[in-house]
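Engineer: Here you go, one structure.
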Amino acid sequence: MQRGVAYGVMAGALWGMVFLVPRVLPDFSPLLLSAGRYSMYGIVALVAALPVARSLLRRLTREDLIALVKLALAGNIVYYLLLTAAVHLIGIAPASLIVGVLPVTVTLVGRRDHGAVPLARLAWPLAIVMAGIVCINIDVFTETGATPVSVATRLVGVACAVGALICWTWFAVENARYLQRQTHFSGNEWSVLWGVVTGALGGAMWLVIALLPSGGPQGELADARWHTFWLLNLVLAIGASWLGNGLWNAASKRLPLTLSGQMIVFETLFALLYAFIYDQRLPRPLEFAAILLLVAGVCWSVRQHSDDDASGAARLDDKPQVSAH
């Protein structure tokens, strides 16, 4: 479990970067950002898959392929389209904190899975996480920014962030369940296959872009901006997508679904940290309180799962007829 928690935290640190890149590249549309990131991820994954391609293809079933396409669409393509749109419209903090409700939504959706701690025992940890999210949202929507944002823009941005939340909730639950059902791929192998399928979908997005009317802001971008675009997408492909997904799959294999859902909160915390560094400022009081509450809620949840594992082991020790192996 300790290794699973460590993998989850590291995945959150890498995934937090995906909130920053749309902020650094506001002149690129969500469609271009998604196509660039995932076509680059596909290339990285394909290179990683080449040495073991025969072995992977021999074990790949039709069910695996269907699952990979569904997970790639929901957890990568559609999720990132909606997320980048939300960051462009309402900023990093509101977008990351709406998606930060994932520990609650994943726990609620996956509460009946095997190994899940009863929801009643998670009530207080979840309440603390929600209190942290409330704090940060109060701060975000009461703080007046330098550039006024219309109510309609805020509503569209919030809708995009909620859509991203729905996509990732479904993805997190289905990916964890599928990884725990199948035993013929390791977490790293599954991540490589997922990347190849996502890359194929990312390549198809460039065909869609080619069919769209030319012009607009993207048609006037300088070469230096395109160099930055591809460099940042390479960083996301290797760090957030390939390594981050591999760490997340390793965590999902070691943790109950309710606890792996709690680990997603670290994506929000690291996204906020990167935003503060980018803005060159310290957290405001409510922001700092939110961070403390989110960390406290996750740590409490970890303790609840540890206690549950210990009591389960004690119950097994009380039954001498159970085989030790």
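Nothing in this text is a laboratory measurement; each read-out follows from the coordinates by a stated rule. From a predicted model like this one, the values you see are computed outputs, not experimental measurements. So basically every Cβ, Gly included, is an ideal-geometry build from the backbone, and we count neighbours across all protein chains shown.
Engineer: Roughly how many nanometres apart are two label points built 7 Å out from the Cα toward the Cβ at Ala210 and Leu108?
Structural biologist: The answer from the label model is 4.4 nm.
Engineer: For region 48-123, state which trypsin sites (Lys or Arg not before Pro) are in a DSSP loop and have at most 15 other beta carbons lying within 10 Å of their beta carbon.
Structural biologist: Sites meeting the loop and neighbour criteria: Arg111, Arg112.
Engineer: Can you give the net charge of the other residues whose Cβ lies under 15 Å from the Cβ of Val295, counting K and R as +1 and D and E as -1?
Structural biologist: For residues surrounding Val295, the net value is -1.
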